[in-house]
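Have a look at the structure below before the remarks.
The values are calculated or read from the model by the stated rules, or taken from the named source; none is laboratory data. Computed from a prediction, not measured in an experiment: that's the story for all the values here. Counting neighbours? That spans all protein chains shown, and the Cβs are built from the backbone with ideal geometry, glycine included.
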Amino acid sequence: MLVSAKEMLNKAKAGKYAVGQFNINNLEWTKAILQTAQECNSPVILGVSEGAGKYMCGYTTIVGMVNGMINELGITVPVALHLDHGSYEGAKKCIEAGFSSVMFDGSHYPIEENIAKTKELVAICDELGLSLEAEVGSIGGEEDGVVGAGECADPEECKMVADLGITMLAAGIGNIHGKYPANWAGLSFETLAAIQELTGTMPLVLHGGTGIPADMIKKAISLGVSKINVNTECQLAFQEATRAYIEAGKDKEGKGFDPRKLLAPGVEAIKATVKEKMELFGSVGKA
């Protein structure tokens, strides 16, 4: 059964660890992440971008697939199904489809409009017992066609949005989606500390978890980050393992195309990546 991310993130904030959000793109990824979470006895958040939602045949299909897997695989750890970087309309569609958590990314709107739309979604999510993530300060890189330069959020604006009653806050602190360039300046811990001071017990979210050095991850957690998003690292691990399998000619063994064999190395690579991140974030054994 899917759960809101609220309880798992409040526990993470109090315990000074972080829950991983791992984006899913198909059945194999979803199964690999759920099995790893169960093996690690770790709470987990399955992230779905609007683009991935379209690819996987819509939000209702995804809800059915995830609920079915939780039941068939005997998953007992807390699992939240979360819309990642959702539009206002996308958030409403995911709520209707049965997601247990949504993100409304209003960071590209003027702060007044971001607040107004977030406030409306807070009322809906509160009534249904769902968790809601909001964003202040655009996260760098590209996410479903939206490009940001890695801004640092205004701590005062973060407090304004946090005070609306959201569950968690994603604030730009110089982080980006995708691979980090060689000249990346690093995370702004000064900004993060100021946001933490003003938002108190609000769980903070770090997007773009791929490629951030482990010491920065741990420092971010110590400053209130309770949810860390990982997508690109899983994509790269899956890609490299699958390519190696094909280049070795193993995909030509046997008769015809067998996705169970072709995709198996990539699935194992995702499992290893997810386990490594759960250990780094400190969520192992915290279910």
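Between I75, I70, I115, the distinction of being surrounded by 17 or more Cβ atoms within 10 Å (Cβ to Cβ), of a type in the set (A, V, I, L, M) and assigned to a loop (DSSP other than H, G, I, E, B) belongs to I75 only. The number of residues in segment 23-49 that are surrounded by 22 or more Cβ atoms within 10 Å (Cβ to Cβ) and in contact with a His (Cβ under 9 Å, 6 or more places away or on another chain) comes to 4. Among the criteria (1) touching a Ser or Thr at 6+ places or on another chain (Cβ under 8 Å); (2) without any contact (Cβ under 8 Å) to a residue 60 or more places away in the chain, the one V284 does not fulfil is (2). Can you list the helices (runs of 4 or more DSSP H) lying wholly within segment 231-281 that have 2 or more residues being farther than 26 Å from G209 by Cβ? Result: 232-247, 259-262. Among the residues of segment 191-224, those identified as small (G, A, S), surrounded by 14 or more Cβ atoms within 10 Å (Cβ to Cβ) and closer than 20 Å to E156 by Cβ are A193, A194, G224. If the condition is being under 30 Å from A264 (Cβ atoms) and either of a type in the set (D, E, K, R) or touching a Phe, Trp or Tyr at 6+ places or on another chain (Cβ under 9 Å) (or both), then segment 1-28 contributes L2, A18, V19, G20, F22, N23, N25, N26, E28. Scanning for something more than 20 Å from N23 (Cβ to Cβ), surrounded by fewer than 19 Cβ atoms within 10 Å (Cβ to Cβ) and polar (S, T, N, Q), does segment 227-242 turn up at least one residue? Among the residues of segment 227-242, not one is more than 20 Å from N23 (Cβ to Cβ), surrounded by fewer than 19 Cβ atoms within 10 Å (Cβ to Cβ) and polar (S, T, N, Q), which makes the answer no. Residues that are at pLDDT below 85, surrounded by fewer than 21 Cβ atoms within 10 Å (Cβ to Cβ) and aliphatic (A, V, I, L, M) within segment 141-190 comprise V146, V147, A149, A182, A185, listed in sequence order.
Okay, residues lined up against (1) farther than 19 Å from E7 by Cα; (2) among the hydrophobic types (A, V, I, L, M, F, W, C); (3) modelled with pLDDT of 95 or more:
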{"position": "S49", "(1), (2), (3)": "yes, no, yes"}
{"position": "Y55", "(1), (2), (3)": "yes, no, yes"}
{"position": "A97", "(1), (2), (3)": "yes, yes, yes"}
{"position": "S107", "(1), (2), (3)": "yes, no, no"}
{"position": "E127", "(1), (2), (3)": "no, no, yes"}
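For G106, indicate whether it is touching a helix residue (DSSP H, G or I) at 6+ places or on another chain (Cβ under 6 Å), buried (at least 20 other Cβ atoms within 10 Å of the Cβ), of a type outside the set (F, W, Y) and outside any helix (DSSP H, G or I). Break it down stepwise before answering.
On the way: touching a helix residue (DSSP H, G or I) at 6+ places or on another chain (Cβ under 6 Å): yes; buried (at least 20 other Cβ atoms within 10 Å of the Cβ): yes; of a type outside the set (F, W, Y): yes; outside any helix (DSSP H, G or I): yes.
Yes; evaluated as a whole, the condition is true for this residue.
Scan segment 1-22 for residues that are within 20 Å of N71 (Cα to Cα), of a type outside the set (S, T, Y) and surrounded by fewer than 22 Cβ atoms within 10 Å (Cβ to Cβ) and the total you get is 3. Of all the residues in segment 17-67, those that are small (G, A, S), part of a helix (DSSP H, G or I) and within 15 Å of the chain's Cα centre (by Cα) number 4. Restricting segment 183-211 to residues that are under 18 Å from K16 (Cα atoms) and part of a loop (DSSP other than H, G, I, E, B), the residue that is farthest from the chain's Cα centre (by Cα) is G200.
Sub-7 Å Cβ pairs linking a first residue in segment 101-124 that is free of Cβ contacts under 8 Å to residues at least 12 places away in the same chain to a second residue that is outside any helix (DSSP H, G or I), at least 6 apart or interchain, are E113/G106, ordered by first then second residue.
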